[in-house]
1. How about region 454-467: which of its residues are open to solvent by less than 10 Å² (accessible area, probe 1.4 Å) and either touching a Pro at 6+ places or on another chain (Cβ under 8 Å) or more than 20 Å from residue 382 (Cβ to Cβ) (or both)?
2. Would you check which residues across region 252-288 are under 20 Å from residue 481 (Cβ atoms), under 18 Å from the mean Cα position of the chain (by Cα) and surrounded by fewer than 23 Cβ atoms within 10 Å (Cβ to Cβ) and list them?
3. Under 9 Å between Cβ atoms, at least 6 apart or on separate chains: pull out the pairs that start in region 273-294 with a residue that is closer than 13 Å to residue 335 by Cβ and among the aromatic types (Phe, Trp, Tyr) and end on any residue that is modelled with pLDDT of 95 or more and not in a helix (DSSP H, G or I).
4. List the pairs whose first member sits in region 236-259 and is among the small types (Gly, Ala, Ser), whose second member is modelled with pLDDT under 85 and open to solvent by 80 Å² or more (accessible area, probe 1.4 Å), and whose Cβ atoms are under 8 Å apart, counting only residues at least 6 apart or on separate chains?
5. Looking at residue 320, is it out of contact with any Ser or Thr (no Cβ under 8 Å at 6 or more places or on another chain), in a loop (DSSP other than H, G, I, E, B), among the polar types (S, T, N, Q) and farther than 21 Å from residue 425 by Cα?
6. Can you find a residue that is touching a residue at least 12 places away in the same chain (Cβ under 8 Å), among the hydrophobic types (A, V, I, L, M, F, W, C) and surrounded by fewer than 16 Cβ atoms within 10 Å (Cβ to Cβ) anywhere in region 343-363?
7. Taking region 236-249 on its own, how many of its residues are crowded, with 22+ Cβ neighbours inside 10 Å and within 18 Å of residue 190 (Cβ to Cβ)?
8. Going by what's in this entry, would residue 334 be described as hydrophobic (A, V, I, L, M, F, W, C), in contact (Cβ under 8 Å) with a residue 40 or more places away in the chain, over 22 Å from residue 197 (Cα atoms) and open to solvent by 10 Å² or more (accessible area, probe 1.4 Å)?
Amino acid sequence: MRASTLFIAPLLAGIQLVAAGNCDAYSACVTLYSDAGGNNQLLAYRPTCKGNCFVYDIQAAKLATAFNGDGTDCIFYYDNNCQNPIPGHTHDGSNGAGVKHNFGGARAQVPRACQRCKTLRRGCSEFRPCRRCIDAGLSDQCIAQSVTGPMPWYPTGPFSAGMANPLQKMMELAPVAVIDHCAERFFIRLYPTIPILTQDYVSHLKVAANSTSEWAFEAYCVLVAMCAQVLLQAEDPDDLFLQGIIPNKNAMYGQMMLDLAVTSHQMIPRNVKPTLNQCLLTFFLYACHSRLSRHSQAFIFLREATTLFHLFRFDDLESNFKPLATQLFWVLVVSERSHAIRYRRPLTLQVTNETPKLSTTDSSLAGFYSLVDLFRPVDTSFVASLNHEILATPPSLSSLEYVETTINTAVKASIPLEDTQKANLRITQLWLRVIIWKLRLHLGYLSEASNRRSLTYRYPIEVAKDLMLSTRDLPIDSIRIHGVGLTEKLYDIASTVVDVLARVPLAAESPGGLAMGTSPEDDLSYIRHLISRLPGGVDNYDPLLEKHLQQALPSRESSLGASELS
C-alpha cells in the first residue's frame, strides 16, 4: 500500500491528514487519518468509477480525488472538475513518500496545469516538466498554458544586496500568532464599520499566503496591511507588546508593518484586471495613512483603491466572494465622500442603477447600512458645490432639502447599535448637517426669519447642543476607535460654532428650544474637551481650535478651555 501524507499548515489548524491508497475491487482507494501513524481513521472511500471526481467536505475544506484506473493513483484536487490539482499531491504510484502541502479552509489559487494535462483533463503539478509528461516520455511537450490575460506574479529574486525576500520578511514580521490576534481584533473592533473581510476570506488569504501559489505574495500583503491597521487604530498602545506576542510596542510595530506593506505594494505589477486583494490592500494602506494623519499619502491610496475598483470585474470573482466585494465598494463610497467633503476633493465613484446592490440582511451591520444611507445623497453635484466649482445651475433649495431629509432619516432610533456604531453615526450625521448649513450659507439660502431652524444663522449652535446630548453617554473608546476622521468632524463643528458665536448676536436667553441647562459656550467647551481626548486632538486640532478662538473670540477664549470639563 502506498500513502501520501497531507499536512494542514500551522497557519491553519495544526493537524495532519494521512491519505492511504490501495485500490482493489472491494477496498477503499483513499483512507484519511488524523494522525501520521494511521491509528485514528476519519473516513475511507473509493471513487465512483474510472475518471470521476469524488468530493468530501472535511474541516470546511473541499477534498476531491480522481481515480485513473490502475489501482494506485489518487490525485487531490481543489475543484469538482479535476482541473486544479493540489500541488505536491499527484500520487503516481512510484513514490510512496509523504509530501508536505498547505491545505485548508477555502479554495486557494493554484498554478495552472500544463497544456497537455489540460487537454487530457488529467491532474498536473506545479513542476515543469510534470510527472505525467515525464512518465509519458513527453517532457519536451510539458509547457504552460497560453493565457490571454496577465499572469499573477510574486517576487522570487534575485534581490539586491542587503534586501531580504519580501515575502519571507512579511512572514517573519507577521507570524501566525500576530495574524490570528489581529484578525480577531479586526472583527471585534473594526468590522462593524468597515466590513471588508470575513472569517472565510481571512482563511482563504491564509491558505493562499502559505502556499506555493503565485498569489501568495499578494495575499500576505493584505494580511500584513490588515494587521498594521489593527495595531495602529484598534489596539491599546502596548497590548500585544505586554503579552509578548510582538517585540515592539504596538504603534511602533504597526508602523513597521505599514512600511513593509507599502514597499511590497510597490512591487506588485499594475494591470488592467486588478484583483480583489489589490483593492483590499490599497484600502488598508489608505486607512493606515489616514490614522497617522498623512493626508496626502492617504488620498493617493484612496484614489488608487477607487480607480482599481473601477477596473475590477465582478463577473471574474467567485460567487461566494461577491458580497464581500460589494461591501468593499460601499466602504469606498463612504470613505471617498467623507474624504472629499473634509479636504475638498472630487468624487470618482458614483451610485448608479448598475451599482452593486448592498444586502441588508446582516443585523450586526445595521450601523454600516445606516452609514451608507447617510452618504447616498452626497453626490457629485453636491461635492462640486462644496468645492465652489463653477456650475451651470447651482443646487436649488429643494435639492438641498432632499439631501437634508435623507440624512436626517438615515439613522433609525429603533435599530440596535453597538457603542462604536452609535458614536460614528451620531457625530457623522451632525457633521453633515453642518456641512449642508455651510453650503446654504455660501449660496445665500439662510434667513433669520425662516421657520426652519436649519435655515437660520444660529443652527450650528443647536447642532453643538445635540452633539453634547448624544455623545456624553458614550464611552470615549467608542469614539476614539474611529481614528482621526471623527476628530476632524468634531473640529469642523466646533470651528463653525466659533464663527457663529463671533458673528451672530445671541439673545439673553438660550436659543429657542435649547433650554437644557448649558450655554453655547458650555457646549463648545465640551466639544473642545472631547477633541483633546481623541487621536490627533492634542497635537493638531485643539491647537488649531485655540488659535481660531483667539482670533474670533478673544474676549471669551479663556472661558472655553479644553480642560474645564473632566
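1. 461, 464, 465, 467
2. 255
3. Close Cβ pairs satisfying both conditions: 283/194; 283/196; 284/196.
4. Pairs that qualify, where the first residue is among the small types (Gly, Ala, Ser) and the partner is modelled with pLDDT under 85 and open to solvent by 80 Å² or more (accessible area, probe 1.4 Å), are 251/237.
5. no
6. no
7. Final tally of qualifying residues: 1.
8. So residue 334 does not fit the description; no.
The values are calculated or read from the model by the stated rules, or taken from the named source; none is laboratory data. Values in this document were obtained by computation on a predicted structure and should not be read as measured data. Cβ atoms come from the backbone with ideal geometry, glycine included; neighbour counts cover every protein chain shown. For accessibility, only protein heavy atoms count, side chains too; no ligands or nucleic acids. Shrake-Rupley method; radii C 1.70, N 1.55, O 1.52, S 1.80 Å.
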